[in-house]
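The values are calculated or read from the model by the stated rules, or taken from the named source; none is laboratory data. Remember, it's a predicted structure, so these values are computed and weren't measured experimentally. Note that each Cβ is placed from the backbone with ideal geometry, even for glycine, and that neighbours are counted across all protein chains shown. Quick note on the areas: whole protein, heavy atoms, side chains included, nothing else; ligands and nucleic acids left out. Shrake-Rupley method; radii C 1.70, N 1.55, O 1.52, S 1.80 Å.
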Amino acid sequence: MPQSSRRSVKLFLCGDVMTGRGIDQVMATPSAPQLFESYVKSATGYVRLAEEKNGPIDKPVPAHYIWGDALDEFIHQQPDVKIINLETSVTAHDQPWPGKGIHYRMHPQNVGCLVAAGIDVCSLANNHVLDWGRAGLTETLATLQNAGIETAGAGANTSAAAAPAIIEIGDASRVLIFAFGLGSAGVYNDWAATDDRPGVNFLEDLSRLAVQRIARQVAHVQRPGDVVVASIHWGGNWGYDVSKQQRQFAYQLIEDAGVDVIFGHSSHHPMGIEVHDERPILYGCGDFINDYEGIGGHEEYRGDLSLMYFLTIDSTSGSLIRLEMTPTRIQRFCVQRAGTDDTRWLHATVQRECGRLGTDVDFTDTGKFVLKWAGD
């Protein structure tokens, strides 16, 4: 199909990508390892825990290492746009946010790990992007920009933080990515951008007024053929419950603000998926890359398992055409295709949670999942 007449856009989405702390330590240019946590005082401690659990990591790893089998899946799927929630400050700044217990930092010279995967957009409205202060955020924004990666959800002031990342797809379509962070996911009120202060695009609540404000922002830039993504960092880390308030807010963004895809994150495990007015709502995509190997607690949620989400959207109508998911597992800080038992466990879990939201999940003979919904 000629690009000027194309009718569909394929998006790659995934859960939180946390390239700081232990993962930064195995890269070519690690940051100073000092941490300010209650129990772990050096980021190398997370490397040790991972190696004790799953075996040694041959350090330093090449830039592409952390993506592992995801790289082959990108080649197979050929998404038009790759969007991640980057929960890491990319900075050499050494003053952590005071009083915050956990700080994620990746050295700017390691940004090649994002370039190696061809990441197009980093959503930054989350609870770790200011871990190393406003100076750290400023360097994060500059580093990503210099690497050719667009950002959404954080900026030098209110206007910049609220502005969408815009990716052009051929001559007729664009993808607009707006990003928002909420206190329910641990984003501090003090992190909100102001007219004269850098920060995140902070969403105080899920009210009708918030929907109206977002609707105005979308209407200001949206044009025919655009696919609008709302990246929302909300809710807790563990548990499958989706609140009535979250569901209502998602519906209103679709009905009243022109949003086509709700890309939710903060949960450390995949949550259920809903389809409203032919628009997908991913309430929580789970962690995709982190340094949690060897950390005990919450084993029943299998936080080491995740999904690669590939969404095909009709750019003319904004409707979901197909949502395919590839199950993965993080091991030795590297994304791997999930094994048979892990895949079946993940399928049963996601199918259960989707069933509560009126959708279903087919298990294909290639070990992937395909979302099914009424009217599909």
**OP:** Please state which one of Ile57, Ile23 is outside any helix (DSSP H, G or I), among the hydrophobic types (A, V, I, L, M, F, W, C), under 26 Å from Thr143 (Cβ atoms) and at pLDDT 95 or above.
**Re:** Ile57
Subject >> Top-ranked residue of segment 347-372 - restricted to ones that are within 22 Å of Arg337 (Cβ to Cβ) and of a type in the set (Asp, Glu), ranked as modelled with the lowest pLDDT >> reply: Asp365
**OP:** Kindly indicate which of Ile83, Ile57, Ile75 is of a type in the set (A, V, I, L, M), open to solvent by less than 30 Å² (accessible area, probe 1.4 Å) and more than 21 Å from Asn146 (Cβ to Cβ).
**Re:** Ile57
Subject >> segment 185-207: number of residues that are assigned to a loop (DSSP other than H, G, I, E, B), surrounded by 16 or more Cβ atoms within 10 Å (Cβ to Cβ) and either without any contact (Cβ under 8 Å) to a residue 60 or more places away in the chain or out of contact with any helix residue (DSSP H, G or I) (no Cβ under 6 Å at 6 or more places or on another chain) (or both) >> reply: 5
Subject >> helices (runs of 4 or more DSSP H) wholly inside segment 80-184 containing at least 3 residues that are of a type in the set (A, V, I, L, M) and under 18 Å from the mean Cα position of the chain (by Cα) >> reply: 133-146
Subject >> Meets criteria (over 25 Å from Lys53 (Cβ atoms), touching a residue at least 12 places away in the same chain (Cβ under 8 Å), in contact with a strand residue (DSSP E or B) (Cβ under 8 Å, 6 or more places away or on another chain) and of a type outside the set (D, E, K, R)) for Ile281 >> reply: yes
Original post:
When Val218 is evaluated against the numbered criteria (1) part of a helix (DSSP H, G or I); (2) loosely packed, with under 13 Cβ neighbours inside 10 Å, which criterion, by number, is the only one it fails?
Top reply: (2)
Subject >> Count of residues meeting criterion [surrounded by fewer than 20 Cβ atoms within 10 Å (Cβ to Cβ) and either in contact with a strand residue (DSSP E or B) (Cβ under 6 Å, 6 or more places away or on another chain) or of a type in the set (D, E, K, R) (or both)] in segment 223-253 >> reply: 6
